[in-house]
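The values are calculated or read from the model by the stated rules, or taken from the named source; none is laboratory data. Since the structure is predicted, the reported quantities are computational estimates derived from the model, not experimental observations. In this analysis, Cβ positions are derived from the backbone assuming ideal geometry, glycine residues included, and neighbour counts consider all displayed protein chains. The protein model used for the area step is the full one, side chains on, heavy atoms only, and it has no ligands, DNA or RNA in it. Shrake-Rupley method; radii C 1.70, N 1.55, O 1.52, S 1.80 Å.
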Amino acid sequence: MVERADNGVTTRAGKPGALVGEGRRGIVVAGLAVAAAGVLSLHRAIPNSPGRIGSLVESFLPWVGVAVVLLVIVELVRRSGVALVALLLPVGVWVDSFGGLLLPSAGAGGRELVVVQHNVSDVNLDPAGTARALLAAGGDLVALQEVVVPAVGVYEDVLGAEYPHHVVHGTVGLWSRYPIRTDQVVDIRPRAFEAGWSRGLRAVVETPYGDVAAYVAHLPSVRLGAGELASSARDESARMLGDLVRGEEVRAVVLVGDLNGTVDDRGLEPLTSQLNVAERGFAFSFPAGLPVARIDQVLARSATVRHIRTLPATGSDHLPVAARVSFSPLPASGRPAA
């Protein structure tokens, strides 16, 4: 049957016109698929000015996969071959970038520490309950941020039995099962911040696997505005911390803290370029009510962060995380590797 449209174009039973519309939609989806693959693979090419746009995209990079999955579902229903083939590209890039985080973790090794990290919140109404929740994780090291003066004694009392060694400097603290040989404040205060701002410490812990330089840090907050990320103070503090880690003489380093950024965020590159990140686990930790990003980190040098996971919610706006850190043996010479 032949039909004539109002514009004078002749189609057969309306089907060619429908196919044209279907093809156009398929091309649109294919274009979106290529764009998603580009964001995933070329995110470092996204400029960071104005508004730290690159860092903003990188903070939520894993969630691009959700958009891709939705497109795949739509195209499976519509059965658009061109679009489905195009969607294989971002799926492949996402799996290559983040798929390893979904794999099951290997069993516990013999040279391993469990490291617990938590921003406990300076307005936490139940510090004792928070401390008891952290005890249940069975960590070897527990790093805390926003430890305010009224709550310090509470954390000391509850954690003290399991963690007889601890240090607190400013608003950050470290509790340890093993002796802390030395400790000191580390200066990561941005130039524009007032004197007295203290959110970093370094402690040398005598573990069964040798000395470990443990850094606990709380980098400045990042503010998310209308299409921009205010992160200059965080980035400056990260550079200062990166310089300290680079000059660290102890071979094994564990850096733990609320870094106010994901490991994909280029603002943390002074740290992630020289420290190992978690091999397994997404462990989105913030905000506690609906976690969309992991800004609470456990990073390491001369050690591997095998797996990271979130712990049950406490009275904080962050979820605690626990990581398994596996240490490599000392070289035969007993001296740090170059």
| Hey, any hits in the stretch 132-153 for a residue that's among the β-branched types (Val, Ile, Thr), touching a Lys or Arg at 6+ places or on another chain (Cβ under 6 Å) and part of a strand (DSSP E or B)? | no
| note | The residue from 256, 216, 167 that alone is in a strand (DSSP E or B), out of contact with any Pro (no Cβ under 8 Å at 6 or more places or on another chain) and closer than 23 Å to residue 292 by Cβ is 256
| query | Considering only the stretch 287-300, how many residues are surrounded by 19 or more Cβ atoms within 10 Å (Cβ to Cβ) and touching a residue at least 60 places away in the same chain (Cβ under 8 Å)? | reply | 4
| remark: Given (1) open to solvent by 40 Å² or more (accessible area, probe 1.4 Å); (2) β-branched (Val, Ile, Thr); (3) farther than 22 Å from residue 284 by Cβ, residue 147 misses just (1)
| field | Residue selected from the stretch 126-144 under the condition closer than 22 Å to residue 253 by Cβ and of a type in the set (A, V, I, L, M, F, W, C), by the criterion surrounded by the fewest Cβ atoms within 10 Å (Cβ to Cβ) | value | 137
| task | Determine if the stretch 53-66 includes at least one residue that is over 16 Å from residue 229 (Cβ atoms) and in contact with a Ser or Thr (Cβ under 7 Å, 6 or more places away or on another chain). | result | no
| said: Quick check on the stretch 154-162. Is at least one of its residues open to solvent by less than 10 Å² (accessible area, probe 1.4 Å) and either among the aliphatic types (A, V, I, L, M) or under 23 Å from residue 211 (Cα atoms) (or both)? | reply: yes
| message | What's the total number of residues in the stretch 236-247 that are touching a residue at least 40 places away in the same chain (Cβ under 8 Å) and open to solvent by 10 Å² or more (accessible area, probe 1.4 Å)? | response | 3
| note | Out of (1) out of contact with any Lys or Arg (no Cβ under 6 Å at 6 or more places or on another chain); (2) within 29 Å of residue 96 (Cα to Cα); (3) buried (at least 23 other Cβ atoms within 10 Å of the Cβ), the one residue 283 does not meet is (1)
| query | Right, residue 176: touching a residue at least 24 places away in the same chain (Cβ under 8 Å), touching a strand residue (DSSP E or B) at 6+ places or on another chain (Cβ under 7 Å) and open to solvent by 20 Å² or more (accessible area, probe 1.4 Å) or not? | reply | no
| said: Among the residues that make up the stretch 104-125, is at least one of them in contact (Cβ under 8 Å) with a residue 12 or more places away in the chain, surrounded by 14 or more Cβ atoms within 10 Å (Cβ to Cβ) and in a helix (DSSP H, G or I)? | reply: no
| message | Can you report the number of residues in the stretch 261-274 which are part of a loop (DSSP other than H, G, I, E, B) and either surrounded by 24 or more Cβ atoms within 10 Å (Cβ to Cβ) or of a type in the set (Val, Ile, Thr) (or both)? | response | 4
